[in-house]
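Enquirer: Take a look at the following structure, please.
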Amino acid sequence: MDFAGRDGGRVLSTHAKRMYGAIARQEWEFVDILEREHPGTRNELLEWGLISDEKRPAVRDPKQAIDLKMARELDEARHRVALLSQMPALSADLDREYTAIQLRIPGGSSVYLAEPETVNARLQDVVGSARREILAAQPAGPRKREVLAQALGRDQAALDRGVEMRTIYRSTVRSHPVTAEYVRALSTRPGGRPAKYGTVDDDFERMIIVDREKAFITNHVVAGAPEHAAWLVSDPAVVAVLARMFDSKWRRAQPWNGELRARTGGVDTVSGADGARTSAWQRAIMRHLCDGASQPVTARRMDISKRKLEEEIAALKALWGVRTLNELIFQYALSPDRLVDDSAAAENDGAPVDVTSTGAVEAA
């Protein structure tokens with residue numbers, strides 16, 4: 001019977017066994033055929049010590065050869081076991097060296113991270129392992145394109161894992177095209193869970209909270225520290241307070257899906273990806289629902305079946321990442337979609353509405 005070897009090959013292949021027999025019987029023509037069709041078979045027998053290293057090799061006593069190989073393998077196995085047994089102690093030794101360079105609050109569980117490279121590396125590790133939720137408060141205003149580009153893949157991966165993401169910005173970002181583009185990309189995802197964003201006018205502390213277990217916060221302890229220095233906090237009591245602070249600020253934040261605010265102060269629904277996520281058909285449904293029409297009444301007005309309407313509503317709920325109709329109506333009422341004027345397009349082209357594209361989302 002063949003067994004998988006440590007190098008991913010087989011202990012002794014069928015071809016090697018056939019070649020051993022052919023060599024024993026001195027069937028050199030058959031040996032040459034096997035060697036041409038299955039290169040490496042001779043080396044396999046040599047490695048096992050079953051033949052001599054000659055052009056016309058001689059077979060060796062298989063019991064003695066296998067006993068010698070077994071002894072070598074057992075010796076190597078003992079060496080590997082010894083190495084594995086040393087790893088916990090090695091890990092503890094290296095951890096002491098690593099911990100020695102971390103500045104910690106006495107009696108607490110906070111780690112000081114001085115250099116930007118260190119902050120980014122730990123942030124990637126913690127955020128990359130998020131299981132449920134990422135809360136981010138970013139008070140620094142508009143963010144640089146390279147920073148957002150670096151975060152985009154990481155954030156998309158978290159959303160694809162089903163992680164809920166909520167971010168608070170200062171209201172000034174509503175006039176920043178780069179940040180708006182990034183927010184549209186994650187809040188208007190056509191499939192999967194979207195990220196959620198909100199803006200506030202007042203000041204707040206910068207923080208990133210992961211699974212309500214760990215938090216990155218700005219340094220206010222070490223004097224003269226680099227600008228991007230931070231603390232990684234894992235104390236449950238402290239993280240719980242930070243999460244409550246975030247939740248309180250989030251409740252007062254204005255939802256934002258990346259629509260740009262024009263310089264005149266109005267809402268710009270045409271710039272870039274225009275901020276709108278819905279089709280004209282979906283917006284027509286939402287207008288009826290927002291006017292207070294029941295679902296049966298809305299279905300009659302749209303001239304579709306009740307089941308078709310339920311499918312459309314389910315697609316809209318998925319688009320905003322909500323579960324109830326009330327939540328959907330609330331999110332739609334706060335979105336730029338409600339400001340889109342569909343009457344002009346209808347008057348210009350007179351084309352019938354395509355009711356077959358259930359859940360269609362206009363390209364961003």
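Enquirer: Roughly how compact is the stretch 279-319, stated as its Cα Rg over 2.2 N^0.38 Å to two decimals? Mind dumping the intermediate values first?
Expert: Working: Rg = 9.1 Å, N = 41, 2.2 N^0.38 = 9.0 Å.
Rounded to two decimals, the normalised Rg is 1.01.
Enquirer: Using amide H atoms built in the peptide plane, which far-off residues or other-chain residues are under 5 Å from residue 335 H to H?
Expert: none
Enquirer: Show the residues, 5+ positions off or on another chain, whose built amide H is closer than 5 Å to the amide H of residue 167.
Expert: Close amide H contacts, sequence-distant or interchain: 136, 196, 197, 198.
Enquirer: About its Cα centre, how strong a charge dipole does the stretch 119-181 have in debye, to the nearest 20, once Lys and Arg get +1 and Asp and Glu get -1 at the Cβ? Display every interim value, and only then the final one.
Expert: On the way: 11 positive and 7 negative charges, 34 e Å.
Rounded to the nearest 20 debye, it is 160 debye.
Enquirer: Moving on to the next point. Express the accessible area of the stretch 29-74 per residue in Å², computed with a 1.4 Å probe while the remaining protein chains stay in the model. Please report the intermediate quantities before stating the final value.
Expert: Numbers: 3120 Å² over 46 residues.
On a per-residue basis, 68 Å².
Enquirer: By average Cβ neighbour count within 10 Å, what is the ranking of 161-168, 220-227 from highest down?
Expert: Values: 161-168: 18.0, 220-227: 10.1.
Going by the mean number of other Cβ atoms within 10 Å, highest first, we get 161-168, 220-227.
Enquirer: Read phi for every residue in the stretch 304-314 and hand back ³J(HN,Hα) as whole Hz from Karplus 6.51 cos²θ - 1.76 cosθ + 1.60, θ = phi - 60°, with x for Gly and Pro.
Expert: Along the stretch 304-314, the couplings run 9, 6, 5, 5, 4, 5, 4, 5, 5, 5, 4 Hz.
The values are calculated or read from the model by the stated rules, or taken from the named source; none is laboratory data. Model, not experiment: these values are computed from the prediction. Positions of Cβ are backbone-derived with ideal geometry, glycine not excepted, and every protein chain shown enters the neighbour counts. When the accessible area is computed, the model is the full protein with side chains, heavy atoms only, and any ligands, DNA or RNA have been set aside. Shrake-Rupley method; radii C 1.70, N 1.55, O 1.52, S 1.80 Å.
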